[in-house]
Structures are given as C-alpha cells and as structure tokens.
Amino acid sequence: MQVYIEPIGRLINEFSKLPGVGKKSAQRYAYKIIGMSDSEAQEFAAAILNVKKKVKYCKVCGNFTENDVCDICKERDKRTICVVKEPKDVIALEKLHEYKGVYHVLHGVISPMEGIGPDDIRIRELLARLNEGGVEEVIVATNPDVEGDATAMYLARLIKPLGIKVTRLSRGIPIGSELEYTDDVTLSRAFIERKEV
C-alpha cells in the first residue's frame, strides 16, 4: 500500500535528495510546502528557478557570481590567492573579514579512492593564474583531512618551484572537519596563524 499520495511522495523524494536531509526532514519540508499559501509557494519555486538561471561560476576564480567575473576578483589584492575546495568555503572565510586577497575554487580535492585526480579539479586554471605573475603567496585552505592534505602537498610541490610562498591554514581546525562548520574564532585563528608548506 502506498503511504503518500503521488504528489506528496514525489516532493518528499526530491527533498530527500538534498545533502543532510533524511526522510523525516524531507517529510516536514513537504508538509511545510503544502501549508504555504499559493503566493508563498510561487515565491519559493521562483527563488529556486532564479538561482538556477542567474548563478554561474566566475571565469577567473570559480566562485559563485551573477557576472562573468565576481566582485572579489575585480576589486581585491591579487598578490595573495587563497585556494579552497568549494564556493561555500569562500563564504566561511569571508565572514571573518580577515582576508583581503582573492580566491581560487578547486571544485573538489584529489581523492584516489573516489577516482578524482589532479586533472579533475581546477589546478590547471590555478597554475595559469600563477604564470601571469604578481602572485606572492598561495594559501591552501582545503579541509584538514586526508584528501585536503594530499591536495595541499601536491599544490605545494607544483607552486614552490615558481618562487611563490605556499602556506596552509594553522591546525586549530579539527582534523576531518569542514570549514563551513568551523566556528569563527577557530577559523580566524587558523587563518592568521597559517604556516608555510
């Protein structure tokens, strides 16, 4: 016997595809949508369609933007590049108001177990930026886990011969954690106390 009528079951199924959303949470979200007025539901749907239509990746750094080049790349000091795994990591670091340079988003990390190698992430684009000149430091701010460390070491081996300083965030961040979930004080301290790789 079917537990939910088809439209509710379909909505629950779609919500459960989101990361960190289990069946119970998906069910709560579906019931919340059902309880919305038509105008609220239309606004919710419009927000989803709007973000899909307008948000793209910056041609320079790979961060989210509405334009070809993001405001950070246009306006900030390009002598320092902070390398992160995902666009959400840029947001975590920006909340600190400590960093005045630009970013480079890899869109992943080296992970042989998952079949992800250096050619599968945006390392080539980073090297192209470095070869343009003017960069004095690359801060590797990948997560402090096996894949993040492997990526940091790989990048350090590529970048150091170019005469560019390579640093890594300090170890105030617990191993195996993710930047977006690290509290602001710990993340700020790790950023300020970064070490050369």
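Data table
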item: Yes/no for residue 110 being within 30 Å of residue 194 (Cβ to Cβ), surrounded by 15 or more Cβ atoms within 10 Å (Cβ to Cβ) and touching a Gly at 6+ places or on another chain (Cβ under 6 Å); result: no
item: Residue list for the stretch 125-145, filter: part of a helix (DSSP H, G or I) and either under 24 Å from residue 192 (Cβ atoms) or more than 18 Å from the chain's Cα centre (by Cα) (or both); result: 126, 127, 128, 129, 130, 131
item: All positions within the stretch 166-196 that are touching a helix residue (DSSP H, G or I) at 6+ places or on another chain (Cβ under 8 Å), at pLDDT 70 or above and more than 15 Å from residue 109 (Cβ to Cβ); result: 166, 170, 182, 187, 191
item: 1 or more residues under 30 Å from residue 11 (Cβ atoms): qualifying helices (runs of 4 or more DSSP H) within the stretch 27-111; result: 38-54, 87-94
item: Counted residues, the stretch 82-99 - those being under 23 Å from residue 127 (Cβ atoms) and more than 15 Å from the chain's Cα centre (by Cα); result: 1
item: Subset of the stretch 132-159 (residues that are free of Cβ contacts under 8 Å to residues at least 24 places away in the same chain and either closer than 19 Å to residue 79 by Cβ or of a type in the set (A, V, I, L, M, F, W, C) (or both)); result: 132, 133, 146
item: Per-region count, the stretch 150-171, residues surrounded by 18 or more Cβ atoms within 10 Å (Cβ to Cβ) and either within 18 Å of residue 93 (Cβ to Cβ) or within 17 Å of the chain's Cα centre (by Cα) (or both); result: 7
item: Cross-chain or 6+ apart pairs with Cβ under 9 Å, the stretch 16-28 first and closer than 19 Å to residue 88 by Cβ, then surrounded by 13 or more Cβ atoms within 10 Å (Cβ to Cβ); result: 17/26; 18/25; 18/26; 18/29; 21/15; 21/29
item: Subset of the stretch 140-156 [in contact with a Lys or Arg (Cβ under 6 Å, 6 or more places away or on another chain) and of a type in the set (Val, Ile, Thr)]; result: 140, 142
item: Residue 192, sole failed condition from (1) open to solvent by less than 20 Å² (accessible area, probe 1.4 Å); (2) of a type in the set (A, V, I, L, M); (3) farther than 21 Å from residue 61 by Cβ; result: (1)
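Yes/no per residue for (1) open to solvent by 50 Å² or more (accessible area, probe 1.4 Å); (2) among the charged types (D, E, K, R):
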position	(1), (2)
11	yes, no
17	yes, yes
20	yes, no
43	yes, yes
47	yes, no
57	yes, no
70	no, no
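The values are calculated or read from the model by the stated rules, or taken from the named source; none is laboratory data. Source: prediction; values computed, not measured. All Cβ positions, glycine included, derive from the backbone under ideal geometry; neighbour counts span all protein chains shown. Keep in mind that these areas ignore ligands, DNA and RNA; they rest on the heavy atoms of the full protein, side chains included. Shrake-Rupley method; radii C 1.70, N 1.55, O 1.52, S 1.80 Å.
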